[in-house]
Amino acid sequence: MTEAPILSASAISKSFGRGAAAVRALDGVSFSVERGSLTLLKGASGSGKSCLLAALSGLQRPESGIVIAEGTDVWARGGRSADRFRRQHCGYVFQSPGLFPSLTAWQQVFVPLRLLGMSAAEAKARASHYLELVGLIDRAQSKPSQLSGGQNQRVAIARMLAKRPSFLFCDEPTSALDGRNAEMVGKLLREAAEKQGATILCATHDDRLVPFANRILELEDGRLVSDTAEPKL
């Protein structure tokens with residue numbers, strides 16, 4: 001028996017502005033993804049990648065359409081379902097790392113885990129483990145101002161992975177990274193999908209992530225124009 005999709009989008013549409021100035025960011029996008037998969041959302045700037053990611057992840061309500069995650073309508077009940085979905089099931093990495101200026105790299109990972117109710121011992125172990133995975137354990141006591149843009153992005157990725165959420169939503173996670181570190185992130189995302197069963201959607205221009213994906217969805221002018229399965233490394 002085939003397992004039901006873990007996440008599905010049906011006729012998702014979104015516009016910005018009104019009248020003649022209105023811009024159609026998403027135009028009836030529909031697809032579904034399986035648990036434990038890594039899906040890339042690709043397309044030119046302005047194609048709707050980030051807007052679609054926001055609708056799927058509970059960050060921005062679509063104008064019309066339905067998003068179902070783990071059998072629940074994400075945008076039901078006036079957005080309260082989206083709030084619960086984000087808190088309980090999601091991890092995010094954006095183009096801007098969004099780190100706290102006063103916290104060290106280690107604290108950036110440790111503190112959110114404690115706020116989730118994790119024990120201090122487990123949070124300490126995870127913070128150190130994931131900073132080591134992204135190659136920054138030697139900079140654990142450095143604050144964002146003491147790190148490069150690429151290093152701060154890797155801290156943000158460690159913070160997301162350490163939570164071990166059911167869904168990972170990434171918006172250009174490797175744009176500030178060199179080739180070696182982009183490959184490392186691709187491997188970490190694939191590992192999170194395969195070993196932890198995380199369902200990952202990643203909006204990106206970066207072709208370096210293609211070999212790690214199960215699937216590539218191509219957007220153009222707010223429409224889904226291509227759906228391609230890609231072999232993993």
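Computed from the coordinates by the stated procedures, all read-outs in this text should not be read as laboratory data. Please read these numbers as outputs of a predicted model, since none were measured by experiment. Reconstructed Cβ throughout: ideal geometry from the backbone, glycine too, with neighbour counts over all protein chains shown.
Mind telling me which of Phe100, Phe212, Phe110 comes out most flexible in a GNM of the chain, alpha-carbon contacts under 10 Å? Maximum among the listed residues: Phe100. Highest mobility in the GNM of the chain, judged by mean-square fluctuation with C-alpha springs under 10 Å and restricted to Gly149, Gly43, Gly58, is found for Gly149. Remark: Met118, Met160 ranked as Met118, Met160, counting other beta-carbon atoms within 10 Å and listing the fewest first. 3J(HN,Hα) along the stretch 183-189: 5, 4, 5, x, 5, 5, 5 Hz, from the Karplus curve 6.51 cos²θ - 1.76 cosθ + 1.60 with θ = phi - 60°, whole Hz, x for Gly and Pro. Using the basic label-point model (7 angstrom from Cα toward the beta carbon), what is the Ser145 to Ser64 distance in nanometres? Distance between label points: 5.1 nm.
Of the residues Ala105, Ala213, Ala120, the one that moves most in a GNM of the chain with alpha-carbon contacts below 10 Å is Ala120. Rounded to whole Å, give me the distance from the Cα center of the stretch 18-44 to that of the stretch 51-100. Between the Cα centres of the stretch 18-44 and the stretch 51-100 lies a distance of 14 Å. What the phi angles of the stretch 29-43 give under the Karplus curve with 6.51, -1.76 and 1.60, with θ = phi - 60°, is a coupling list of 7, 9, 5, 9, 10, 9, 4, x, 10, 10, 10, 9, 9, 10, x Hz, glycine and proline written as x.
Average projection, convex hull of the Cα set of the chain: 13.8 square nanometres.
Of the trypsin sites (Lys or Arg not before Pro) found in the stretch 125-233, the ones in coil according to DSSP and having at most 13 other Cβ atoms within 10 Å of their Cβ are Lys232.
Most simply put, the chain has about 55% antiparallel DSSP beta bridges, counting only bridges with both residues inside it. For the stretch 164-205, the Kirkwood estimate of hydrodynamic radius, built from reciprocal distances between every pair of different alpha carbons, is 10.6 Å. The lysines whose alpha-carbon is closer than 24 Å to the alpha-carbon of Lys42, local same-chain residues fewer than 8 away aside, are Lys14, Lys187, Lys232.
Quick check for you: which residues of the stretch 20-55 have the amide N under 18 Å from the point 7 Å beyond the Cα of Ser8 toward its beta carbon? Of the residues in the stretch 20-55, 28-37 have backbone N under 18 Å from the label point off Ser8.
A cut-off under 11 angstrom between Cβ atoms defines the neighbours of Thr104, and their net charge, with Lys, Arg +1 and Asp, Glu -1, is +2.
What residues of the stretch 211-231 lie in the reach of a label at Arg24, counting those whose backbone N is under 12 Å from a point 7 Å from the Cα along Cα→Cβ? Answer for this model: 221-224.
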